[in-house]
Ligand code: NAD
């Protein structure tokens, strides 16, 4: 194994978490493990400078990235994050998790991810559009419907995807809807995409709950992050009869012993931009979120939230990772010892990339499916994925995460091995 000169080696970085997860699966891969170094090296990492003319005429520079971690099984696939803390190392980890996720779901993609180190809330709509367009032009060298297909992530949305699609299309001289997914439906987007990730968390969560003998209709749920993923997951559990007793976002932690009124909270969040002032719940200390009584926990905010210390305190039975990388490796060990089951991010939150795959297929064929068809196919793929991983975990006597990595790495490394090295 050779270390990369451009990583910090910080033990708690997302990239370190990913590497630790890979190490755990290696003993289970047999001879394919000989190819494992390919997983420790991103295939391609592009850093771009984005000069942006601000509305007041001044010019500011922003740093952007596109990383293609592995393309052995198909074109790169992965979101674009606009966040002030984005770093190359974080984008590398997120791209690597996309490699694992696409393979775990058996989608014909490799893994990629992009981002800009920016707080989009500080920009005007026009500045955001110029930033997005220049970023797209700069990474235009490496993206394309057959090369690498971006999508939304934290801080980006369907409008930003529309600007990306338009910019890339202008540069190549023809409309190419398939260059990004997560677009508005009238621009080649797919029905069901907006709710797909939350739906996947819910579908895999219900399957796992049934395996553990948890009756979802009688269960209590806590959700961290009330954005695209967290709010939809909460909505679906609420609609199923579960009590969503706690919700946390960047601004506040809310608690209601009888269950929050999730449609009302969603409407409040959309109207006010956060849940902080929502009146029909108790506001509790943020750290108290981890020690409350509930059966199911859904971390759906950012990485590194479940530390070993928090894992010691949790009283839940099941964790559904809506976010990417919310659990640190030493916390995974604590959870395993304590018998708390984790449906890992690479399975639980794969609903989004699955419907992105449907969108890409629909754009190629210019033939669009009904929402019912999409949800039916999505549910089937998600249930198949959790069942496969559940059986693998039982066969290997390991966690669902390591089992998901085993399924995925066997597919990635078999592809790598059979393709061979060029030249
Ligand atoms: P989003 O921007 O819509 O929402 C993020 C939420 O997290 C917000 O409610 C925000 O207030 C909250 N948050 C931010 N910092 C927090 C903190 N320190 N403590 C508590 N809450 C905090 O983002 P999203 O699209 O819902 O993505 C959330 C996670 O899910 C990310 O890890 C993302 O990579 C992952 N994910 C998203 C998708 C997708 O389709 N959107 C797909 C797969 C994975």
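General observations
- Applying the Kirkwood pairwise sum to the alpha-carbon positions of the range 212-358 produces a hydrodynamic radius of 15.3 angstrom.
- Share of alpha-carbon pairs per 20 Å distance bin for the chain, given as whole %: 27, 60, 12, 0
- 10 Å binning of all Cα-Cα separations within the range 115-179, expressed as whole percents from 0 upward: 21, 59, 19, 1
- Overall Cα dimensions of the range 308-423, principal axis frame, Å, largest first: 51, 44, 24
- Mean Cα-pair separation over length for the range 179-237, i.e. relative contact order, pairs under 8 Å, 6 or more apart, %: 36 percent
- Two-decimal Rg/Rh across the range 272-323, once Rg and the Kirkwood Rh are taken from alpha-carbon atoms: 0.98
- Likely footprinting exposure, 226, 62, 289, fewest C-beta neighbours within 10 Å first: 62, 289, 226
- With neighbours defined as other Cβ atoms within 10 Å of a residue's Cβ, the residues 366, 72 order from fewest to most as 366, 72.
- Taking only the Cα atoms of the range 90-237, the radius of gyration and Dmax are 17.5, 56 Å.
- Over the range 1-159, equivalent-ellipsoid semi-axes from the Cα gyration tensor in Å: 31, 17, 12
- Relative compactness, the range 1-73, computed as alpha-carbon Rg over 2.2 N^0.38 Å: 1.57
- From helices alone, the chain scores -14000 deg cm²/dmol at 222 nm; the rule is -39500 (n - 2.57) for each run of n ≥ 4 DSSP H residues, then divide by the residue total.
- Rounded to two decimals, the Cα radius of gyration of the range 52-99 over 2.2 N^0.38 Å is 1.48.
- Using all pairs of distinct alpha-carbon atoms, the Kirkwood hydrodynamic radius of the range 339-395 works out to 12.7 angstrom.
- The alpha-carbon atoms of the range 162-282, seen along their principal axes, cover 57, 37, 20 angstrom, with the largest extent given first.
- Length-normalised contact order for the range 31-182 - Cα pairs under 8 Å, 6+ apart - percent: 24 percent
- Scaled to the globular estimate 2.2 N^0.38 Å, the Cα spread of the range 241-316, given as radius of gyration, is 1.09.
- Over the range 55-145, all Cα pairs binned in 10 Å intervals from 0 give whole-percent P(r) values of 17, 44, 28, 10, 2, listed from short to long.
- Based on Cα contacts under 8 Å between residues 6+ apart, the chain shows a relative contact order of 17 percent.
- In terms of other Cβ atoms within 10 Å, 102, 316 run from fewest to most in the order 316, 102.
- Kirkwood-type radius of the range 297-359, with distances r between different C-alpha atoms, in Å: 12.0 Å
Computed from the coordinates by the stated procedures, all read-outs in this text should not be read as laboratory data. Quantities reported herein were computed from a predicted structural model and do not represent experimental measurements. Ideal geometry is used to build each Cβ from the backbone, glycine not excepted, and the neighbour counts take in all protein chains shown.
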